[in-house]
Amino acid sequence: MTEAEIYEFDLNGYIVYRDLLSAGEVKKMNDLLDTEFKKQDVQDVHSFSFLSLDHCFLDLMAHPRMLRIIRTMIGDWLRLDHAYGLQMDTGTVDRGQTRPNLHGGPRTDNGEHLYQWFDGNMYNGLIVAIYALKDVNPGDGGFICVPGSHKANMHYKPPVDSPLVVNPSLRAGDMLIFTEALVHGTTTWTSSKQRRSLLYKYSPGHSTWSAADNLEPIRALAQNDLQRDLLRPPSVGSRSALDFPKI
């Protein structure tokens, strides 16, 4: 991350990187998902699994530029904790919920959602990389957050319609990264076009949010040591740093 990017992330608790995926990569992933949903004869998809569908999704898990960014946020010991996709159509909220919501915030969930600086280094708990596979225009809905709330000194969640809440815009291929210490959530999707996003969630190497054995079937599909290392179970001792790819 550049100094300007670190400043922006420190200020807001999230940052958007444009065009991380090419138009061809976005099309391939959308085509794969469309084929899978059609095969399953699923009409109304809110949350879905995708890592095992094709190697391109494991490649995205280990995207070199993304890993260099998250290395600044978490450090040399990091792992994929879990991943899922979200899809929204007009009038829906993700995961089939019926109301807009905000959750998260600093030190929530047994303190796992953290954001801290110490001795010149940034430390985070769970970090989320959202890849937009379809555009999110101003006011469309979907992901919302309260910028700067990852550094708040009290637990407070404003109303979803508060002017403190923002709904970042994304183009297909963009990546938004945020810390779970940020107050964030989802609001009703209002666009006539569909929302589709992939969420990859990364933890420090010693930490886990989901049950670690959930990733064992995915680890068996890994194509290289980097992917296998990202899918390791959490541990404190006897853990080697990730071999970050050169970019």
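Read-outs: derived from the displayed coordinates by stated rules, not from any lab. None of the values given here were measured: they were computed from a predicted structure. Counting neighbours? That spans all protein chains shown, and the Cβs are built from the backbone with ideal geometry, glycine included.
Annotations for the structure displayed:
- Dipole in debye (nearest 20) - the range 3-230, about Cα centre, beta carbon charges: Lys, Arg +1; Asp, Glu -1: 280 debye
- Only DSSP H runs of four or more residues enter the estimate; each adds -39500 (n - 2.57), and after division by the residues of the chain the mean residue ellipticity at 222 nm equals -6500 deg cm²/dmol.
- In plain terms, the residue of MET61, MET1, MET154 with the fewest other Cβ atoms within 10 Å comes first and the most crowded comes last, giving MET154, MET1, MET61.
- The residues THR90, THR2, when put in order of fewest to most other Cβ atoms within 10 Å, stand as THR2, THR90.
- Projected label distance in nm at MET154 and ASN101, using a 7 Å step from Cα toward the beta-carbon: 2.5 nm
- Selection among MET175, SER235, GLN223 by position relative to the dipole of the range 145-247 gives MET175 as farthest towards the positive end (Cβ unit charges, Cα centre).
- The distance linking the range 1-75 with the range 176-194 is 14 Å (Cα centroid to Cα centroid, whole angstrom).
- The chymotrypsin sites (Phe, Trp or Tyr not before Pro) of the range 80-175 meeting both criteria, a DSSP state outside H, G, I, E and B (loop) and at most 16 other C-beta atoms within 10 angstrom of the site's C-beta, are TYR156.
- The chain: relative contact order in percent, alpha carbon pairs under 8 Å with at least 6 residues between: 30 percent
- Note: the range 3-230, Cα convex hull, 130 Å³ per residue.
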